[in-house]
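Readers should treat all values here as calculations from the given coordinates under stated rules, not as data from a laboratory. These numbers were taken from a predicted model, which means no experiment stands behind them. Don't worry about glycine lacking a Cβ; one is built from the backbone with ideal geometry, like all the others, and counts go over all protein chains shown.
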Amino acid sequence: MRAARNNISVAHATAWLLGALLLLFLAVPIILLVGLGASGLGDALRDPATIGALETTFVTATTATLIAAVCGSPIAYALSRSSFRGRSLVAAIVDLPLLIPHPVAGIAILLLVSRDTTFGSALLDMGLRVVGTPAGIVAAMLFVSAPLYISAAREAFARVDKRFEFVARTLGDTSWTAFRRVTFPLARRGLASAAIVTWARAVSEFGAVVVLAYNPKVVSVLSYDRFTTGGLRDALPIAATLVLVSIVPLIALRALRYDRSSEAV
Amino acid sequence: MIECVHIGARVGNFEIRDVDFVVPTAAHCVLTGPTASGKTTLLEIIAGAVAPTTGNVRIAGLDVTANAPELRGVGLVPQHGYLFPHLSTQENISYGTRDAGTVSSIAKRFGIEHLMDRRVAALSGGERQIVALCRALAPQPRALLLDEPFSALDGQRRSVVLREFAELQADWGITVLHVTHDETDAALGTLRLAMADGLVSSAGLART
């Protein structure tokens, strides 16, 4: 009996130790990066290159998130509610970008939109250049982050009991008005969380972006650029800036979750 | 009038077979039966949430089997109410109608006018059931489906709600199909159906 209790205590202590080691591994590099980069943060934020990269990052990530939300919400809703022919195929296509290394994702998009392709040349004819432009950055961010939006939005819709929608329809709503008046408002916190996660993923994207558009630089590409040209000392303030930008959505997510738990009945 | 004509349906492993009955216009039919006998599924078929594999649903003489729920003229008070949690009591009751007069008169009739500004999360179980009933009544449906609508009501409030509902149903001539396990509620019915294992097993006059 006593030996068994000792075994349990050892198992608990080991589990705690392993968990603590992983937590330290996750936290310490970030703390070091922000701590060491903080001294150069003021200069970095006065540097036009950093300001330009921050602006580009914010605009492109927000655009990619909006496109993911507008185009992804119907897919997420259909996957959460309907059983239609090809549903598994749609779900697999949505998950596919998550499995591809991001530089490979960039190459795949490049194959679609480069000037040598029919589609790419058609876009050029319409005056839309993708490679080496903010449009390319948006495409890269969208490719890697839209699956996250669809997955989280699908869960948000699935959490809304479909009987609410059905009751709304017995009260005269069409399927669209029931969605607009009931399902969407009830899912909106989950959808906001999905958008925040998508935005955060888009902001931190590097691999696909660097293939499609090294310039104009987003913050992740700028930090890499400074690292390769000036070493760790030059890269640190930019990297610290990127970490601080990434903390904003984390705080927003926490606030949303806190709000939801305080509203729970 | 609510008519089910040889209705059959399958939901998962559960099957409803050859359900065939008529609830005449303005009648109040009570549907009883053990748990998982198919009562709620039958209401969902009539309201349009579940498509039957065979047979037809007719409301007021019209075949509505292929109609969307919003085109059937059938109100529903589901078990557990399903009040819209993001709306106030007032907004819930007026969800299906723009007639503010009807909304306020129904709320007054059922004694919940003092709850109109409250969030539904702040209501008791009994209050929620009354609000769900008022919400279904407000658009003045031709037919009304009730799924254990009074189970959380107790004592004085229950008898007031039952009385007011019976009066309103008679005044408006609503045809009612009412699922219940409670004999007090069942006494509201002028007809009684019993269901077991997906079959309507008996039908007849509950009282004269």
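Can you give me the distance in nm between label points at A:ALA92 and A:ASP125, each placed 7 Å from the Cα along the Cα-to-Cβ direction?
Result: 3.3 nm between the two label points.
For chain A, set up a Gaussian network in which alpha carbons nearer than 10 Å are linked by springs, and say which option among A:THR65, A:THR174, A:THR57 fluctuates the most.
Between A:THR65, A:THR174, A:THR57, it is A:THR174 that shows the largest mean-square fluctuation.
Distance in nm between label sites at A:LEU66 and B:ALA100, each 7 Å beyond Cα in the beta-carbon direction?
3.7 nm
Quote the charge dipole size of chain A about the Cα centre in Debye, to the nearest 20; the model charges only the Cβ of Lys and Arg (+1) and of Asp and Glu (-1).
So the magnitude is around 1020 debye.
Only helical DSSP H runs with n ≥ 4 go in: add -39500 (n - 2.57) per run for the protein assembly as shown, normalise by residue count and round the 222 nm mean residue ellipticity to 500 deg cm²/dmol.
Mean residue ellipticity, 222 nm, calculated: -19000 deg cm²/dmol.
If a paramagnetic tag sat 7 Å from the Cα of A:VAL59 along the Cα-Cβ line, which residues of the range A:123-137 would have the backbone N under 13 Å from that point?
From the range A:123-137, the list is A:133-137.
Under a GNM of chain A (C-alpha, springs under 10 Å), which listed residue has the highest mean-square fluctuation: A:SER73, A:SER145, A:SER88?
Between A:SER73, A:SER145, A:SER88, it is A:SER88 that shows the largest mean-square fluctuation.
For B:ASP117, put the label point 7 Å out on the Cα→Cβ axis and report which residues of the range B:89-104 keep their amide N under 14 Å from it.
B:89-91
I need A:VAL10, A:VAL209 ordered by Cβ neighbour count within 10 Å, fewest first.
Lowest to highest Cβ neighbour count: A:VAL10, A:VAL209.
Between A:SER83 and A:LEU232, what length comes free when the chain is fully extended (0.36 nm per residue of separation minus the Cα-Cα distance, one decimal in nm)?
Answer, rounded to one decimal: 48.4 nm.
Which distance in Å, rounded to a whole number, links the C-alpha centroids of the range B:76-149 and the range A:103-139?
55 Å
Compute the projected area of the convex hull of the Cα atoms of the range B:101-140, averaged over all viewing directions, and report it in nm² to one decimal place.
Projected area, direction-averaged: 2.6 nm².
Give me a comma-separated list of calculated 3J(HN,Hα) values for the range A:123-134, in order, Karplus coefficients 6.51, -1.76, 1.60 applied at θ = phi - 60°, integers in Hz, x for any Gly or Pro.
5, 4, 4, 7, x, 10, 8, 9, 5, x, 9, x
Peptide A:170-183: average number of partner chain Cβ atoms within 10 Å per residue?
Averaged over the peptide's residues, the number is 5.
For A:ILE107 and A:LEU36, what is the calculated FRET efficiency with R₀ set at 56 Å and r taken between the beta-carbons, to the nearest 0.05?
0.95
Give, rounded to the nearest 20 debye, the magnitude of the charge dipole that the range B:152-195 has about its Cα centre when Lys and Arg contribute +1 at Cβ and Asp and Glu contribute -1 at Cβ.
40 debye
Say each of B:HIS80 and B:THR53 gets a label point 7 Å from the Cα, pointing the same way as Cα to Cβ; how far apart are those two points in nm?
According to this spin-label approximation, the distance is 2.6 nm.
Just want the ordering: A:SER80, B:SER201, B:SER94, from fewest to most Cβ atoms lying within 10 Å of their own Cβ.
Going from least to most buried by this count: B:SER201, A:SER80, B:SER94.
What's the percent breakdown of Cα-Cα distances in the protein assembly as shown across 10 Å bins, shortest bin first?
4, 16, 20, 17, 14, 14, 11, 4, 1, 0
Please report, in cubic angstrom per residue, the volume enclosed by the convex hull of the alpha-carbon atoms of chain A.
Roughly 222 Å³ of hull volume per residue.
At a Förster radius of 25 Å, what calculated FRET efficiency corresponds to the Cβ-Cβ distance of B:THR25 and B:ASP182, to the nearest 0.05?
That gives a FRET efficiency of 0.50.
R0 = 22 Å: FRET efficiency of B:ASP197 with A:LYS162, Cβ-based, nearest 0.05?
0.25
Consider just the alpha-carbon atoms of the range A:165-261 and return their Rg together with their Dmax, both in angstrom.
Final numbers for Rg and Dmax: 20.4, 66 Å.
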